[in-house]
Amino acid sequence: MTTMNDTLTAVPGIRVGHATDESGVTGCTVVLCPDGTVGGVDQRGGAPGTRETDLLAPMHLVEHVSAVCLAGGSAFGLAAADGVMRWCEQHGHGYQVGSGITVPIVPSAIIFDLAIGSPHSRPTAEMGYAACAAASSDPVALGSVGVGTGCRVGAARGNGFATKGGVGSAAMDLGGGLIVAALVAVNSQGDVVEPDGSIIAGLRSASDAPGYANMLQWMRESRLTPPSTEATVIGVVATNARLNKEHTNKVAQMAHDGLARAIRPAHTMYDGDTLFALATGAVDADASLVGAFAADVLERAIRRGIKAAHSLGGVRAWNE
């Protein structure tokens, strides 16, 4: 059964905030974690832009995550995490080093949105801080907000042939108090498809009419020349399960199954697909169970992100 709050903040203790620059068509989204949250990551696309992901791997010292920052702006947008770190430091969240200093742990990932709106508008440290200040446990705002502001799908032929992407989120109550949820920025090269395979977002057949070209068919015919390098899907899956670092990384890995079910193709050399996993540690649960349903909620979140987005920056929404 689904929870009344059908978004990432259904996981107790998780808060989400957006900072949106609609005129520049970019933004960032911050996931604030309760103390003691274990983090993991699985990065599968060929063109990632990330920060603080190596420390999430097993066999590395730090286990707990203060926040996760998802931003537009390509590599420039990684600067938003500086503001998140400043907010977390001010509020006492972070890794306590031996000398008594608190160092916030803020893994981050970015999408490419420089080709929509102004290429000089990028998420800044101030926007990262503002997203933290705006964070709450309310249901997450979806669509063309935060990191979803500049999201596009199927932009291989430019904005006129693309479909507007955005932030999507979904949650599931598995019983016994166990909750699994996802939040995702849908900015893919591949088509977003329904369970029956029908395309709801992607490369359009024409710039002024409905209908999709089918990205797989276009790739076959064009041999992907010139290449499209302006995509990436990034997101977070979260649970209140009690998992160790190895198990949390496994959940992030399994969640990519949902990405591959909803986006065709996924994980190409031109995508930077990256998923973080968070486990707050309140409920005993099996990692495989959590991972299986993390894929399900991520799949649903991807489609919700498309359907919640509105036309912006010359890119039409899915139903226009």
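The values are calculated or read from the model by the stated rules, or taken from the named source; none is laboratory data. This is a predicted model, so every value here is computed, not measured. Cβ: placed from backbone, ideal geometry, glycine included. Neighbour counts: every protein chain shown.
For the range 57-73, filtered to residues that are closer than 21 Å to C88 by Cβ and at pLDDT below 95, the residue that is surrounded by the fewest Cβ atoms within 10 Å (Cβ to Cβ) is L61.
Can you spot a residue in the range 177-186 that is assigned to a strand (DSSP E or B), of a type in the set (A, V, I, L, M, F, W, C) and touching an Asp or Glu at 6+ places or on another chain (Cβ under 7 Å)? Within the range 177-186, one or more residues are assigned to a strand (DSSP E or B), of a type in the set (A, V, I, L, M, F, W, C) and touching an Asp or Glu at 6+ places or on another chain (Cβ under 7 Å). Quick check, is T232 among the β-branched types (V, I, T), surrounded by 22 or more Cβ atoms within 10 Å (Cβ to Cβ) and over 20 Å from T9 (Cα atoms)? Yes; evaluated as a whole, the condition is true for this residue. If you check A131, A155 for being in contact with a Ser or Thr (Cβ under 8 Å, 6 or more places away or on another chain), buried (at least 24 other Cβ atoms within 10 Å of the Cβ) and part of a loop (DSSP other than H, G, I, E, B), only one passes: A155. Residue count for the range 66-106 satisfying the condition of being β-branched (V, I, T), over 20 Å from A185 (Cα atoms) and part of a loop (DSSP other than H, G, I, E, B): 3. Test P119 against the stated conditions and say whether it is under 14 Å from T9 (Cα atoms) and either over 15 Å from the mean Cα position of the chain (by Cα) or without any contact (Cβ under 8 Å) to a residue 40 or more places away in the chain (or both). No.
Please work out if R300 is in contact with a Gly (Cβ under 7 Å, 6 or more places away or on another chain), closer than 23 Å to P12 by Cβ and either of a type outside the set (A, V, I, L, M) or at pLDDT 95 or above (or both).
no
Taking each residue of the range 144-168 that is without any contact (Cβ under 8 Å) to a residue 60 or more places away in the chain and looking for partners that are buried (at least 24 other Cβ atoms within 10 Å of the Cβ) and hydrophobic (A, V, I, L, M, F, W, C) with beta-carbon atoms closer than 7 Å, six or more apart or interchain, yields R157/L203; F161/L203. Look at A81 and say whether it is in contact (Cβ under 8 Å) with a residue 24 or more places away in the chain and either within 21 Å of A135 (Cα to Cα) or surrounded by 22 or more Cβ atoms within 10 Å (Cβ to Cβ) (or both). So A81 passes the test. Of the residues making up the range 189-197, none is of a type in the set (S, T, N, Q), buried (at least 24 other Cβ atoms within 10 Å of the Cβ), under 26 Å from A47 (Cβ atoms) and modelled with pLDDT of 95 or more. Could you check how many residues of the range 265-302 are without any contact (Cβ under 8 Å) to a residue 60 or more places away in the chain and either in a loop (DSSP other than H, G, I, E, B) or within 17 Å of the chain's Cα centre (by Cα) (or both)? Qualifying residue count for the region: 4. Filter the range 37-52 for residues that are among the charged types (D, E, K, R) and assigned to a loop (DSSP other than H, G, I, E, B); which is modelled with the highest pLDDT? Looking at residues that are among the charged types (D, E, K, R) and assigned to a loop (DSSP other than H, G, I, E, B), I get E52. Against the definition (in contact (Cβ under 8 Å) with a residue 60 or more places away in the chain and crowded, with 24+ Cβ neighbours inside 10 Å), how does A19 come out, yes or no? Taking the combined requirement at face value, the residue satisfies it. Among the conditions (1) touching a Phe, Trp or Tyr at 6+ places or on another chain (Cβ under 7 Å); (2) of a type in the set (S, T, Y); (3) modelled with pLDDT of 95 or more, T229 misses just one, which is (3). Candidates are the residues of the range 84-110 that are of a type in the set (S, T, N, Q) and surrounded by fewer than 24 Cβ atoms within 10 Å (Cβ to Cβ); the one that is farthest from the chain's Cα centre (by Cα) is S99.
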